[in-house]
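Okay, so here's the structure we're looking at.
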Amino acid sequence: MLGSESVTIAALTSALDGLAARQRAIADNIANINTPNYHAERVLFEDALAQSVKEGSGEVTPAIRRSLEPTREDGNNVNLDTETLSNVDTVLRYQFAARAVDAPFANVRAAMGMA
Amino acid sequence: MTFDAIGIASTGMTVHRKWLDAISDNLANINTATPTNGPAFQARYVEVEENAGTQGVSVRGAVFGDPEGRLVYEPSNPVADADGYVRYPDIDLGSQMTSLILAQRGYEASAAVVDRARETYTAALQIGQR
């Protein structure tokens with residue numbers, strides 16, 4: 001039954017949304033790598049998502065915060081190593097979540113006799 | 001929009017390309033002698049700003065170098081004045097070359113983001129196809 005899966009689907013959808021938002025933030029940070037006084041954006045949603053799943057909802061809105069790390073001489077604190085690693089990590093997590101969100105749908109499809 | 005990482009990366013590429021253009025123009029004109037009754041070649045420096053709300057970056061405008069330049073005694077130069085002086089632009093080759101590397105690396109970094117964004121979109125397109 002899809003009803004029992006709804007928290008799973010809601011949580012995975014929230015994770016996909018959060019990861020997509022993080023992907024955008026990383027693209028923004030790297031685009032602004034030489035912009036004076038730019039502070040890197042950080043997308044936070046994992047802790048809130050874990051809490052939300054515990055409460056039986058699974059829905060969260062990703063929060064965007066500015067990094068408070070020390071800046072370079074030009075007032076910018078984007079670190080290309082960190083951003084690149086985070087980018088690769090986010091892509092893999094996104095692929096993982098996209099694969100996971102398939103499973104409940106595959107069950108529904110099996111139940112409908114389509115596959 | 002959910003899927004605009006490629007668009008954001010492209011703003012980064014555009015800004016760094018414009019910076020590269022400005023640097024190559026400055027370097028090409030580093031030995032441009034002008035008569036002393038006019039301004040020297042003025043180096044162009046791009047001024048950038050962050051776009052509001054995770055929308056990348058854009059060029060705000062340009063700042064120009066000192067029109068005074070530096071006076072060089074070069075009496076054989078056809079544009080030299082009566083005292084034998086010409087104007088050369090006051091461009092520091094070292095800082096221009098440093099900026100060149102920064103601009104090139106910045107461009108490459110944003111170009112790499114495009115590749116990774118494509119991997120993400122491919123994953124999204126495959127949802128429900130297995």
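Mind pulling up the Rg/Rh value for region B:5-125? Radius of gyration and Kirkwood radius, both on Cα.
With Rg and the Kirkwood Rh in hand, the quotient comes to 1.20.
Give me the dipole magnitude in Debye, nearest 20, for the protein assembly as shown about the Cα centre, with unit charges on the beta carbon: positive for Lys and Arg, negative for Asp and Glu. Let's see the in-between values first.
Numbers: 20 positive and 31 negative charges, 190 e Å.
Its charge dipole is roughly 920 debye.
Length gain on complete extension for the stretch A:Ala111 to A:Arg66, per 0.36 nm per residue less the alpha carbon to alpha carbon distance?
Contour length minus Cα-Cα distance gives 11.6 nm.
May I ask for the angle, rounded to the nearest 10°, between helix B:5-28 and the longest principal axis of chain B, with both axes built from Cα atoms and the value confined to 0 to 90°?
So the helix axis and the longest Cα principal axis differ by about 10 degrees.
Please work out the ratio of the alpha-carbon Rg of the protein assembly as shown to 2.2 N^0.38 Å and round it to two decimals.
Working: Rg = 25.8 Å, N = 245, 2.2 N^0.38 = 17.8 Å.
Normalised Rg, Cα atoms only: 1.45.
Counting other C-beta atoms within 10 Å, and keeping those with at most 13, which DSSP coil GluC sites (Glu not before Pro) do you find in region B:42-97?
Filter output for region B:42-97: B:Glu68.
Between B:Met97 and B:Val72, what FRET efficiency comes out of the Förster formula 1/(1 + (r/R0)^6) with R0 = 35 Å and r the beta carbon distance, rounded to 0.05?
FRET efficiency, B:Val72 to B:Met97: 0.95.
As a footprinting exposure proxy, order B:Phe41, B:Phe64, A:Phe105 by other Cβ within 10 Å, with the fewest listed first.
Ordered by Cβ neighbours within 10 Å, fewest first: B:Phe64, A:Phe105, B:Phe41.
If you average the C-alpha positions of region A:78-114 and of region B:13-57 separately, how far apart do those two centres end up, in angstrom?
42 Å
Looking only at GluC sites (Glu not before Pro) in DSSP loops with at most 16 other Cβ atoms within 10 Å, what is the longest site-free stretch of chain A? All intermediate terms of the calculation are to be shown ahead of the outcome.
Values: sites that count: A:Glu55, A:Glu59, A:Glu73.
After excluding every exposed loop site, the longest remaining stretch is A:1-54.
Provide A:Leu19, A:Leu85 in ascending order of the number of other Cβ atoms located within 10 Å of each residue's Cβ, fewest first.
A:Leu85, A:Leu19
For chain A, what is the relative contact order in percent, using Cα pairs closer than 8 Å and at least 6 residues apart in sequence?
35 percent
List B:Ile127, B:Ile8 from most exposed to least, where exposure is judged by having the fewest other Cβ atoms within 10 Å.
Arranged by neighbour count, lowest to highest, B:Ile127, B:Ile8 become B:Ile127, B:Ile8.
Taking R0 as 51 Å, what FRET efficiency do you get between A:Thr8 and B:Asn37 from their Cβ-Cβ distance, rounded to the nearest 0.05? Could you put the intermediate results ahead of the total?
Values: r = 78 Å, r/R0 = 1.52.
E between A:Thr8 and B:Asn37, to the nearest 0.05, is 0.05.
Any chance you could give the angle, 0 to 90 degrees and rounded to 10, that helix A:2-31 forms with the longest Cα principal axis of chain A?
Relative to chain A, helix A:2-31 is tipped by roughly 20 degrees.
Which value results for Rg/Rh of chain A when Rg is the Cα radius of gyration and Rh the Kirkwood radius based on the inverse mean 1/r? Kindly include the intermediate steps, with their values, before the conclusion.
On the way: Rg = 17.7 Å, Rh = 15.8 Å.
Result: Rg/Rh = 1.12.
Would you be so kind as to identify which of A:Asn29, A:Ala50, A:Thr13 lies farthest towards the positive end of the dipole of region A:1-50, taking Lys and Arg as +1 and Asp and Glu as -1 on Cβ and the Cα centre as origin?
A:Asn29
Coordinate-derived values only; no laboratory data. Here the structure is a predicted model, which means the values were calculated and not measured. Positions of Cβ are generated from backbone atoms using ideal geometry, with glycine treated the same way; all protein chains shown enter the neighbour counts.
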